[in-house]
Each structure stands twice: as structure tokens, then as C-alpha cells.
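Okay, structure first, notes after.
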Amino acid sequence: MSSEDIKKKLEPTVDAFMNIGFPKYESQVLAILTAIGTSTVKDIHSHTDVPLPKVYQTLESLLRKNLIKQHSKTRPVQYTIYSPDIIVRRIQEENRELENNLKTGLDHLSELTAPSFVGEISPFNGLSAFKRIVKGLIQNVRKELSVAMSAKTLALFKDEIEELKERGVKLRSMTFSQLSRVASSMKPELYSELGFDHFTVDVPISMKPNLKFVNIIRQIGSIIDYVGIIISDNGESAIILPLFPRETYFGIWIHSKQIINRQLVAYDELFKIAKKV
């Protein structure tokens, strides 16, 4: 394949790199290294529009960004790009850091004004709204995600949870033992399969198990998939309530660090009890 043919093949990928903020020369070098593999400066120059002096500068920039590696023992020196999966992951990590920096800045600015109840708690209704809110909440998690809801509901976000595990985020979940005994979606092993550090705890009230209580639990067992709370370490929480069982998700989305901190304190206390059990 001629150099001109290769350049044409590179164009869509070069444009994709440029669309997410890469300079033109870096985009061309990343694309050509992916297309032809380990290459020298001369190879890169001959297959792109990057001037020879700029090839050296561009390679140095990409090395600093840890997107390519240099084989210095070869003569002439050769360069290799990392696999596409690694490239995409590193770009995502860089963008996530930029997003976190922006959110931190916005949080600091928002603290300059008096807290407002309006906007801190937002009601939502319907499965699509629930999914949208929780996906956004999960993507903003930094170090830890705490949940108390059915594994069936959590499974709606399996892909997002997998991404959290890859980022090294701690996942912890908890259910009441009374519920886990009568509802299949509350079985401890289901949470373990999703990657959560899971515990069960008894309902914190003085109540001896009896037939009447078990029957009540069994009755609500069919709707507990619609009940729960998910708490981010980034000042966001979603609380789900059964407005119309089996028909809709109704709840509130909280985005207030002060309120979330109170929730986490209560959750942590229950978690201590669960660990002792």
C-alpha cells in the first residue's frame, strides 16, 4: 500500500483524535504507529505530513503522555504505540481528572453563596430517569460507592459497576437479613458476583421473629426491588421509593455534600454492626 493510500486510511482516526483535543501532529503520529506498528522517525515522516523536525518534538510529547514507548537500544531508535484499549483508557482517565478538577472548582465557587434547598433535592419518576441519574452518579464516584438496594436493581448498572472496579473504587453493600431470607434479589452471593463487599444486618429494632412479621416481610418482598439507596463519595445520592410497585421508579436525587455526609454517618454505623455480626 502506497504512502498516499495509508494517509487516506488514517484520516478518520486522525480526525477522531483531533475532535477530542489532540494536536494535528500528535493525532497523525498516533494513527500511523497504530497502522504500521513499531517504526522509526523516518518511517513516521514518510507516511504522514509531519515535518521531520516536528516528528521528534511530537514523539517527545507523546512519551510524556505515556501513550507510546521508545526502544532506545535499537539503531535507529524505534517507537511503538500501546494497544488501542490502553490508549482509550488513558484518555478517559485524563478526561476524568479534568472533569473532577472542574467539579472541584465549581463546588468551591458554589460555597461562596448561602446554601439553597432548591436544587439540592430533586424528585424523579420513571425507570429512564432513575437510570440516567444513577449512571451519572456512578461515573462521578472517586473512591467508594455505598448501596443498600436489591442486587436486581444494581444489575441494571453492571457495565458502570465493572468500570468502577477497573478504576479501583471500593464497592460496599448492605441489606437487612430479614429481607435477604425472603427475597431472592437480596441474596448475598448476588452482590459478591457484582463485586461488592457485602454484609447483612438485622433490623435495628427489638422484635422477636414471629409468623406475622415473616408474612409482612414476604408481602413486601415483591416490591423491594424498587426500594433502596445509593450513595456516592462525591456528594450525590439517589433514594428509591415504591410509588406504584412493579410499574415505576419514584425517588429523590440528592446533590448536597452536607446531606450526603449525614447519610454516610448513619450508613457507617449500620456497617459497623453488620461487620460485628
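The table that follows gives values for the structure above.
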read-out: Checking PHE17 against (1) in a helix (DSSP H, G or I); (2) crowded, with 16+ Cβ neighbours inside 10 Å; (3) in contact (Cβ under 8 Å) with a residue 12 or more places away in the chain; (4) more than 30 Å from the chain's Cα centre (by Cα), the condition it does not meet; value: (4)
read-out: Condition met for ARG96 (at pLDDT 85 or above and within 24 Å of ARG167 (Cβ to Cβ)); value: no
read-out: Sole residue being assigned to a helix (DSSP H, G or I) and either over 18 Å from the mean Cα position of the chain (by Cα) or modelled with pLDDT of 85 or more (or both), chosen from LEU137, LEU145; value: LEU137
read-out: Residue list for the stretch 238-273, restricted to those being modelled with pLDDT of 75 or more, over 17 Å from VAL134 (Cα atoms) and assigned to a loop (DSSP other than H, G, I, E, B); value: none
read-out: Residue that is nearest to VAL201 (Cα to Cα) [pool: residues in the stretch 136-177 that are among the β-branched types (Val, Ile, Thr) and touching a helix residue (DSSP H, G or I) at 6+ places or on another chain (Cβ under 8 Å)]; value: THR175
read-out: Sole residue being more than 30 Å from GLU236 (Cα to Cα) and in a strand (DSSP E or B), chosen from LYS8, LYS69; value: LYS69
read-out: Residue match in the stretch 48-59 (condition: modelled with pLDDT of 90 or more, in a helix (DSSP H, G or I), touching an Asp or Glu at 6+ places or on another chain (Cβ under 6 Å) and of a type outside the set (A, V, I, L, M)); value: yes
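The values are calculated or read from the model by the stated rules, or taken from the named source; none is laboratory data. Predicted model, so just to flag it, every value in this text is computed and none were measured. Here the Cβ is made from the backbone with ideal geometry for all residues, glycine too, and neighbour counts use every protein chain on show.
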